[in-house]
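Take a look at the structure below.
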Ligand code: URA
C-alpha cells in the first residue's frame with residue numbers, strides 16, 4: 001500500500017477500498033503518510049466526495065486509531081449532544097446540567113473555538129479555577145457524582161482525527177461533509193455515549209450554509225451513529241442569527257447562568273429545552289420534565305456542583321473586558337436581519353476567538369446584542385456593545401459589521417425563522 005495510489009484513486013473519482021482506508025488512516029497517525037500527502041487526499045475527498053460505505057469505514061478507522069471509553073459502570077443512561085458550531089451557541093452550558101438533573105448522565109466532550117465560531121471549553125475557562133483537562137478517571141468521577149461533565153477529549157480518543165482536523169484547518173479542507181461527519185462521529189462513538197443528539201447548524205454563521213447541505217450532513221451522521229449502536233437524532237437549527245444576546249466567552253457564561261436561574265433569552269431557552277427533550281427521549285427518559293428542572297432550580301444545583309467538581313468557583317465574579325464601544329441604530333424601524341457570521345467575525349477580532357490553535361483568548365471580549373430580528377429599534381439606540389481589553393481592536397472588529405444588519409421601515413411585516421427547522425432520525 002502506498003499513499004500516492006490512494007490519492008490517485010480519489011483524485012480520479014474512484015471508491016477507496018476498506019484496505020486503502022484502514023491503511024492510510026493508520027499510516028498517517030503513525031507518521032508514515034506525510035502531512036502533504038494527507039492534505040492532497042483530503043482535498044480530493046472534498047472535491048470528489050466519499051460514498052456512505054467509504055465514510056463508515058473512514059470513521060471506523062479513526063475510532064480504531066485510539067481508545068474507546070466505557071460508561072457501563074454508571075447507574076444512569078448516558079446521552080450526549082454535539083453542535084456543529086455557531087455564534088453565541090452556549091447551549092451546552094445550561095443543557096448538560098439540565099439533562100443530568102432529569103436523571104441522565106451527560107459525558108460532554110467539548111472543543112475550543114476556531115475562527116468565527118465559539119468553543120465551549122474557552123467559555124467555561126472564563127470561570128476562575130475551572131479545569132478543562134481531566135484524566136479519564138477524573139472525568140468518570142465527576143460524571144458519577146454530579147451527573148454531567150464538560151471537558152476536553154483526552155489525547156487517546158481518536159488521535160487520527162486530532163491530527164487530521166488540525167491539517168484540514170490549514171489546508172481549506174474543513175467544509176467537506178464526509179470529513180466533518182467522520183470527524184464528529186468518530187469522537188462521539190469512541191466516547192461511548194449510549195445516545196446522541198446532533199445540533200446541525202444551518203445559515204451564514206454555520207459550516208453548512210444551505211438546508212440541503214445541513215440535511216446531507218445530518219443524515220450521514222445519524223446513519224453512522226445508528227449503525228454503531230448509538231441512538232442518534234439530529235435537529236437542524238438556525239444559525240443565520242446569533243443565538244441569544246451574547247457572543248463571547250464570559251458574556252455567554254453569564255447568559256447561560258441566567259437561563260439556569262429561570263431567565264435568559266427565549267431562543268436559548270427554547271433550543272435548550274428542545275435538545276433536552278431529544279436527549280432524554282433517546283436515553284429512554286422521555287417522561288422527565290426538563291421545563292420543571294429548569295424552573296425548580298435542580299438544573300442550577302447540578303451546574304454548581306459540576307463547576308465546583310472541576311475546580312471552578314460558581315460564585316466568582318466573571319471577567320469583564322476593560323473597554324466597551326457601542327454601535328447605535330442608524331434609523332428607526334424593524335430589525336429584519338442580524339448576520340451571525342459577521343457578529344462572529346467581529347467577536348473573534350475583539351479577542352474572543354483565536355486565529356491559531358495556540359493563541360490565547362480574552363475571557364471578557366465579545367459582543368452584546370441589544371435587539372434581535374423582529375424587534376423595533378429607534379435611531380440612536382444601542383444595537384451592539386463591543387467588549388475588549390485591547391481597544392486598538394475596535395476598528396478591525398467594526399470593519400466586519402457595516403452590512404451585518406438590515407432595518408426595514410416601521411410596520412414592515414416580519415416572520416422569524418424558527419430556531420428548530422427540521423428533525424432527522
Ligand atoms: N467539528 C469537528 O469535530 N470536526 C469537524 O470536522 C467539524 C466540526
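A short reminder: the numbers here are calculations on the coordinates, not readings from a lab. Just so we're clear, the structure is a prediction, and the values are computed from it rather than from any experiment. Please note: Cβ atoms are built from the backbone with ideal geometry, for glycine as well, and neighbour counts cover all protein chains shown.
Site pair residue 392 and residue 70 shows an inter-label distance of 5.5 nm when each label is modelled 7 Å from Cα along Cα→Cβ.
DSSP finds beta bridges in the chain, and of those with both partners inside it, around 55 percent are antiparallel. Taking the longest Cα principal axis of the chain as reference, the axis of helix 249-260 is set at about 80 degrees. Here 325, 116 are placed in order of increasing Cβ neighbour count within 10 Å, fewest first, which gives 325, 116. Test of understanding: extend the Cα→C-beta vector of residue 138 to 7 Å, then name every residue of region 67-104 with backbone N under 19 Å from that spot. Zone members listed by number: 69-70.
What is region 3-49 by shape, rounded, prolate or oblate, if you read a ≥ b ≥ c off the alpha carbon gyration tensor as root eigenvalues and call it rounded for a/c under 1.5, prolate for a/b larger than b/c, and oblate otherwise? It comes out oblate by the Cα gyration axes. Between residue 287 and residue 320, the contour length at 0.36 nm per residue exceeds the alpha carbon distance by 7.9 nm.
Taking the average, over residues, of other Cβ atoms within 10 Å as the packing measure, peptides 81-92, 249-260 rank 81-92, 249-260 from highest down. As a length-normalised measure over Cα pairs under 8 Å and 6 or more apart, the relative contact order of the chain settles at 20 percent. Can you bin region 284-397 into rounded, prolate or oblate? Criterion: square roots of the alpha carbon gyration tensor eigenvalues sorted a ≥ b ≥ c, rounded for a/c under 1.5, prolate for a/b above b/c, oblate for the rest. Oblate, since a/c reaches 1.5 and b/c is not below a/b. Label sites at residue 52 and residue 170, each approximated as a point 7 angstrom past Cα along Cα to Cβ, lie 3.7 nm apart. Computed over the alpha-carbon atoms, region 58-162 gives an Rg to Rh ratio of 0.96, Rh here being the Kirkwood radius from the mean inverse distance. Compute the long axis of helix 52-64 from its Cα atoms, compare it with the longest principal axis of the Cα atoms of the chain, and write down the angle in degrees, 0 to 90, nearest 10. Once rounded, one gets 90 degrees. Compactness of the chain, taken as the C-alpha radius of gyration over 2.2 N^0.38 Å, stands at 0.97. Packing around the peptides 391-402, 293-304, 270-281, taken as the average count of other Cβ atoms within 10 Å per residue, puts them in this order, highest first: 270-281, 293-304, 391-402.
Work out the FRET efficiency for residue 11 and residue 227 from their Cβ-Cβ distance, taking R0 = 22 Å, and round it to the nearest 0.05. After rounding, the FRET efficiency stands at 0.20. With neighbour counts taken as other beta-carbon atoms within 10 Å, the residues 413, 2 rank, fewest first, as 413, 2. For the chain, the longest principal axis of the C-alpha atoms and the axis of helix 92-101 are separated by about 80°.
Adding -39500 (n - 2.57) for every DSSP H run of four residues or longer, then dividing by how many residues the chain holds, sets the calculated 222 nm ellipticity at -12500 deg cm²/dmol.
Shown for 149, 334, 320: other C-beta atoms within 10 Å of each C-beta, ranked fewest to most, produce the order 320, 334, 149. Note on region 161-223: Cα convex hull, mean projected area over all directions, 4.5 nm². In terms of its C-alpha gyration tensor, region 48-100 comes out oblate, because a/c is 1.5 or above while a/b does not outweigh b/c.
One quarter of the surface of the convex hull around the alpha-carbon atoms of region 280-348 equals 9.5 nm², the direction-averaged projected area.
In the distance distribution for region 343-425, Cα-Cα pairs more than 15 Å apart total 66 percent. For residue 358 and residue 26, a Förster radius of 45 Å and the Cβ-Cβ distance give a FRET efficiency of 0.95, rounded to the nearest 0.05.
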